[in-house]
Amino acid sequence: MTLHNYTCIVVVFLSFIHWHSTKKQLFTKHLCRITQEAEAMYEYLSNNCTCTYALGAFVLLWVLVWFYRDNLEITKVSEKHVFVTGCDSGFGHLLCKRLDKRGFRVLAGCLTEKGADDLKRATGPFLKTCILDVTSTDSIQKALEWTKKEVGDKGLWGLVNNAGRSLPMGPSEWMKIQDFESTLKVNMTGVIEMTMNFFPLVKKARGRVVNVASVLGRVAANGGGYCISKFAVESFSDCLRRDIQNFGVNVCIIEPGFFKTQVTSLEPIERELHRLWNQLTPEVKESYGDKYLDKYIKIQRLIMNTICDSDLSKVTNCMEHALLAVHPRTRYSAGWDAKLLWIPLSYMPACIVDIALKLVLPKPAKSV
């Protein structure tokens, strides 16, 4: 090895030592600055402990005041009338029974005579029923005239728009316009028409409008009219609340998760999916593949059996609070899946929700 080679090696080694030493000095200098800043912060907090304690006390006081206000309840319940739609079964049926026990004058709108008879047998003499189809303007008008006679000059304390339907649900491409309309007429148009007709009575009593939406009004997880209608209920309720806030009327939104009711019953869901599949053209069926329907139904079974909650009182508790509280909340999320899954998911970027649903749902045969 020549002298020139040895010289090059020495120069490279000395350069590395110099670079390493410089980097070490910069790191040490940076560490010292961080340490000094931490010490300064600690000294500031130590010298200003009064501000720290004041901030902590303010937060604690705010929480205590919120809980106190949240638990205040109205008085003279026995003088207040509440009209509930969709009382044949599910949330509406249970709510009517619980409000009746509380002492409210309950006016229950049932779709069928059987539903009305079943409810009357399970409640006291102060609960009254009427036959109501929220998709029929004539039926709504008859219910309104009947309600006016029942409430008199007191007005209507609460209107609970609970009536709803979920089917058909499935891939959007499988739907016809009639499939969308059948759901929207109940869940969207029915809610709006009921509210606009009954609102003068609620305004007179300075009462509450309680609209039942869904977590699927936050996250559009499937096709069909259900998610569309529940997004519409959310929007309508927000607009209404802001428009009438100066009149002493509260508008509350109930956002249930998945519960075991007729809405989530597997048999009608599967029956509707088969109907939708059978009305598809051969070209559309071929794009999805022969096994897609069976896979889709299996996923629906897994979801319903896994996350559906059988305790309907989690929803009716929210409804009761909206009617009883002096200061009702704007939104109520009912169910563990609503609080821990759907509501957090609704705040995620759209791409995250898209990926999550893509992983859950089956893949069509001709997907790209």
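With springs only between Cα atoms under 10 Å, which of Phe199, Phe180, Phe126 fluctuates most in a Gaussian network model of the chain?
Maximum fluctuation in the GNM of the chain, among the listed residues, is at Phe126.
In whole Å and largest first, what semi-axes does the C-alpha gyration tensor of the stretch 264-368 yield when each eigenvalue is scaled by 5 and square-rooted?
Working from the Cα gyration tensor, I get semi-axes of 35, 18, 12 Å.
Say we join alpha carbon atoms closer than 10 Å with springs in a Gaussian network model of the chain; which of Ala54, Ala163, Ala221 then has the biggest fluctuation?
Ala54
Kindly express, to the nearest 10 degrees and within the range 0 to 90, the angle between helix 3-47's C-alpha long axis and the longest C-alpha principal axis of the chain.
40
List every residue whose amide H lies under 5 Å from the amide H of Thr129, counting only residues 5 or more places away in sequence or on a different chain, with H placed 1.01 Å from N in the peptide plane.
Residues meeting the amide H criterion: Ala108.
Starting from the eigenvalues of the Cα gyration tensor, five times each then square-rooted, give me the equivalent ellipsoid semi-axes of the chain, largest first, whole Å.
One finds semi-axes of 55, 35, 16 Å for the chain.
Compute for the stretch 103-156: radius of gyration divided by Kirkwood radius, i.e. Rg/Rh, restricted to C-alpha atoms, rounded to two decimals.
With Rh from the inverse mean 1/r over Cα pairs, Rg/Rh is 0.98.
Could you check which residue among Glu173, Glu234, Glu73 shows the biggest mean-square fluctuation in a GNM of the chain with a 10 Å Cα cutoff?
Checking each option, the largest mean-square fluctuation is seen for Glu173.
State, as an integer percentage, the relative contact order of the stretch 195-261 based on alpha-carbon contacts under 8 Å between residues 6 or more apart.
Answer for the stretch 195-261 is 43 percent.
With axes computed from alpha carbons, what is the tilt in degrees of helix 266-278 against the longest principal axis of the chain, rounded to the nearest 10 within 0 to 90?
It is inclined by approximately 80 degrees.
With axes computed from alpha carbons, what is the tilt in degrees of helix 350-360 against the longest principal axis of the chain, rounded to the nearest 10 within 0 to 90?
Between the helix axis and the principal axis of the chain, the angle is about 80 degrees.
Report relative contact order for the stretch 78-360 in percent, whole number only (criteria: Cα-Cα under 8 Å, sequence separation at least 6).
Rounded, it is 18 percent for the stretch 78-360.
Can you give the accessible area per residue of the chain, in Å², using a 1.4 Å probe?
Per residue, the chain has 57 Å² of solvent-accessible surface.
Amide H to amide H under 5 Å from Gly223: which residues, 5+ apart in sequence or cross-chain, H placed 1.01 Å off N in plane?
Residues meeting the criterion, in which the H sits 1.01 Å from N, are Gly170, Ser172.
Rounded to the nearest 500, what is the chain's calculated 222 nm mean residue ellipticity when only DSSP H runs of at least 4 contribute -39500 (n - 2.57) each, over all residues?
Result for the chain, helices only: -19000 deg cm²/dmol.
Per-residue HN-Hα couplings for the stretch 129-136, Karplus 6.51 cos²θ - 1.76 cosθ + 1.60 at θ = phi - 60°, whole Hz, x for Gly and Pro?
Ordered by residue, 3J(HN,Hα) equals 10, 9, 7, 9, 10, 6, 8, 10 Hz.
Over the chain, with every protein chain in place, what whole percent of the accessible area is carbon and sulfur at 1.4 Å, could you tell me?
Roughly 61 percent of what the probe reaches on the chain is carbon or sulfur.
The values are calculated or read from the model by the stated rules, or taken from the named source; none is laboratory data. This is a predicted model, so every value here is computed, not measured. Each accessible area value is taken on the protein alone, full model and side chains, heavy atoms only, with ligands, DNA and RNA left out. Shrake-Rupley method; radii C 1.70, N 1.55, O 1.52, S 1.80 Å.
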